[in-house]
2 protein chains.
Amino acid sequence: EQGGIQAEGALNGFFPLDCITQDIRLAVKGAEVILIVVPAFAHRQVAQSIAPYLREGQIIILNPGRTFGAVEVLKTIEETRHIRSLFVGEVQTLPFTARELEKHKVQIIKIKDSVNFSVYPIKHLNHVYDMIKGIYPQLNPIYNYLEVTLNNIGMILHPALSLFNASAIEFARQFEFYREGATPQVCKVLENIQFELNEIFKTLGIKQFRFNDWVEQVYGVINRSIYSAIHEIKAYRDLYAPEKLINRYFTEDVPTGLVPISSLATFLNVQTPTIDSIIHLSNILCGCNFSEKGRTIKKLGLVKFISQHLIHQGQRDPVLAGGNSKVLNE
Amino acid sequence: EQGGIQAEGALNGFFPLDCITQDIRLAVKGAEVILIVVPAFAHRQVAQSIAPYLREGQIIILNPGRTFGAVEVLKTIEETRHIRSLFVGEVQTLPFTARELEKHKVQIIKIKDSVNFSVYPIKHLNHVYDMIKGIYPQLNPIYNYLEVTLNNIGMILHPALSLFNASAIEFARQFEFYREGATPQVCKVLENIQFELNEIFKTLGIKQFRFNDWVEQVYGVINRSIYSAIHEIKAYRDLYAPEKLINRYFTEDVPTGLVPISSLATFLNVQTPTIDSIIHLSNILCGCNFSEKGRTIKKLGLVKFISQHLIHQGQRDPVLAGGNSKVLNE
């Protein structure tokens, strides 16, 4: 109705928009860059909706992609159409911390200094980056797609913390999710998830992920354990637990985070008992088989890509070595 | 100091004791029946302590045994001594609901009407029952040891409910364990544990366990789901959550309940993903490898007994059929 967005905070002013519409055809038509800002479990559906209206050369950016978002979007579009040049990238986290104030008003709390960004397939990264660096100067192009898409912090924190607070959330008790929910022994489970993730990264030759390095980089606080790091993050202090048990901490982070990671681990012959336990119990708690509905490397057609990555890394190729070809033959 | 116990409630009066001692030799000496009333994780240690002082013909009753308590006690004693006639039985739950009032005073809240009881090996059941039915008229002798020892209600409820309330317990928040902690979706996990248990029972030819039948039998309330049953049990209403995260709901019910059940399932080729997930996450939460320290059918030397039971039941024998001999060869 106002023809644009009124922003305050880190950005101030009125930003007019050419077209505000619920008609997906109009939204996509003529756009150089299509930003998709939805929970990752909706990526496939959005891709199906826009597929008929896409044109050669358009760029799609998932904001953010979670794990293998760009792959899922590209594959979904290719199921219905062949477009010779279509470019799909993903950012690791939202570049802005913001909240809606009124219908056309937002408060920009913080513009992040640096957000990792990659494209699948990686050969298009330079082209896509050239096209969008003017809009998003804070993007940090990463020439290893796996490094961006597998570093999904939400999936480490959200499902596990929700699980160990499941009764309190379902009982609708108000409590501070991190300050009260992230207790010392519960954080040991987060350390285990990180360990299993790093076993995968080791096999793939990807830089080890340390939650505490990330906290240091973003918040400038040095800590020894995940527990102490979480309790130093000021932005976490006022965050209350979700109001419903079945929420995005499960419905997004399990099927587009833990499930693809677990499928990758199976293919690589890496044991992930903690991740698998959390997936299994989340399935029951939410009454939804995320293991079946979620993203897997087999469903996304990624087996060849991962194998080539391993060969490129000079690592043992589990397919050629016959290590674990179960995923292929299923 | 008083030379006995003062009881009130369902039993009233002063009950003199011949000998009150911390000297295990004196406690065991001359006893016809040795009652062991300790958490099940201490059974092995108590068995080691009493082994040197036992005499032919003595009867040991575990009060209660949890899963495979009698087997563990018998095996532990046989590791150090050979006693030709030694009888070890176990009751399914404590025959009394009671609490200590002062040092020598107890309140007997309820004497249970009927408590299942069995002996390992089963051939001694009649002899043992004849010897103790005078003391415990409420005992109900069951001629299938597995039926008594595998029906361990604590292991269904305690670890799972503690897990989904782990943060609140560790944060030392006071809350009613069942009324607030046993929420509808969390109780779905209990239904899954019961389902997996019954898959094992089906393979063993043992009567299916239904929590709701047990509630109906004990409390006279008919319910459809575990959730509604738990919330009808008056005795559960005032029960507060444990004060510490690492407590008997994990340290007893995992190693002497879920772990032996899971080892049995592995041997029988029955899938128990829910039970296994709870064991794995409990191990991390408690910083203790219950899977390794707990009771398993291999460690207890039960593989032959289970195989014979299967043959007797006319079931397929997984060892002879080569179904899953992993446990044997480990």
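Some values worked out for this structure:
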item	result
Condition check for A:Ile222: under 22 Å from A:Asn198 (Cα atoms), more than 14 Å from chain B (Cβ to nearest Cβ) and among the β-branched types (Val, Ile, Thr)	yes
Odd one out for A:Leu281, checked against (1) among the aliphatic types (A, V, I, L, M); (2) more than 10 Å from chain B (Cβ to nearest Cβ); (3) crowded, with 23+ Cβ neighbours inside 10 Å	(2)
When residues of segment B:98-113 are limited to those that are exposed (fewer than 13 other Cβ atoms within 10 Å of the Cβ) and within 22 Å of the chain's Cα centre (by Cα), the one nearest to B:Val88 (Cα to Cα)	B:Asp113
Whichever residue in segment A:206-233 is assigned to a loop (DSSP other than H, G, I, E, B) and within 20 Å of the chain's Cα centre (by Cα) and, among such residues, is nearest to A:His312 (Cα to Cα)	A:Ile206
Given (1) buried (at least 22 other Cβ atoms within 10 Å of the Cβ); (2) within 14 Å of chain B (Cβ to nearest Cβ); (3) under 30 Å from A:Ala70 (Cβ atoms); (4) not β-branched (Val, Ile, Thr), index of the condition A:Tyr178 fails	(1)
Members of segment B:284-296 found to be within 14 Å of chain A (Cβ to nearest Cβ) and assigned to a loop (DSSP other than H, G, I, E, B), listed by number	B:Gly287, B:Cys288, B:Asn289
Every residue from segment B:60-97 that is more than 18 Å from the chain's Cα centre (by Cα) and of a type in the set (D, E, K, R)	B:Glu78, B:Glu79, B:Arg81, B:Arg84
Which listed residue is acidic (Asp, Glu) and not assigned by TED's automatic domain parsing to the domain that holds A:Ile275, from A:Asp130, A:Asp213	A:Asp130
Single unsatisfied condition, B:Cys187 versus (1) at the interface with another protein chain (Cβ under 8 Å from one of its Cβ atoms); (2) buried (at least 20 other Cβ atoms within 10 Å of the Cβ)	(1)
Verdict on B:Lys293 being at pLDDT 85 or above, assigned by TED's automatic domain parsing to the domain that holds B:Glu199 and out of contact with any helix residue (DSSP H, G or I) (no Cβ under 7 Å at 6 or more places or on another chain)	no
Spans of helices (runs of 4 or more DSSP H) in segment A:125-173 with at least 1 residues within 14 Å of chain B (Cβ to nearest Cβ) and either among the small types (Gly, Ala, Ser) or under 14 Å from A:Glu90 (Cα atoms) (or both)	A:153-163, A:166-170
Exclusive hit being closer than 22 Å to A:Pro273 by Cα, at pLDDT below 95, surrounded by 16 or more Cβ atoms within 10 Å (Cβ to Cβ) and β-branched (Val, Ile, Thr), set A:Ile206, A:Ile200	A:Ile206
Residue list for segment B:248-278, filter: in contact with a His (Cβ under 9 Å, 6 or more places away or on another chain) and either within 14 Å of chain A (Cβ to nearest Cβ) or crowded, with 24+ Cβ neighbours inside 10 Å (or both)	B:Tyr249, B:Phe250, B:Asp253, B:Val254, B:Thr256, B:Gly257, B:Pro273, B:Thr274, B:Asp276, B:Ser277
Meets criteria (basic (Lys, Arg), assigned to a helix (DSSP H, G or I), away from chain A (no Cβ under 13 Å) and surrounded by fewer than 22 Cβ atoms within 10 Å (Cβ to Cβ)) for B:Lys304	yes
Odd one out for A:Leu245 among (1) assigned to a helix (DSSP H, G or I); (2) within 30 Å of A:Ala172 (Cβ to Cβ); (3) more than 18 Å from the chain's Cα centre (by Cα)	(1)
Criterion: touching a Gly at 6+ places or on another chain (Cβ under 6 Å) and aliphatic (A, V, I, L, M) - qualifying residue of B:Val186, B:Val128	B:Val128
Among the residues listed as A:Glu252, A:Glu199, the single one being over 17 Å from the mean Cα position of the chain (by Cα) and either among the aliphatic types (A, V, I, L, M) or not assigned by TED's automatic domain parsing to the domain that holds A:Thr97 (or both)	A:Glu199
Positions within segment A:39-59 being of a type in the set (A, V, I, L, M) and touching a helix residue (DSSP H, G or I) at 6+ places or on another chain (Cβ under 6 Å), in sequence order	A:Ala40, A:Ala47, A:Ile50, A:Ala51, A:Ile59
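The values are calculated or read from the model by the stated rules, or taken from the named source; none is laboratory data. Predicted, not measured: the structure shown is a model, and the values here were computed from it. Quick reminder, even Gly has a Cβ in these numbers, built from the backbone with ideal geometry, and neighbours come from all protein chains shown.
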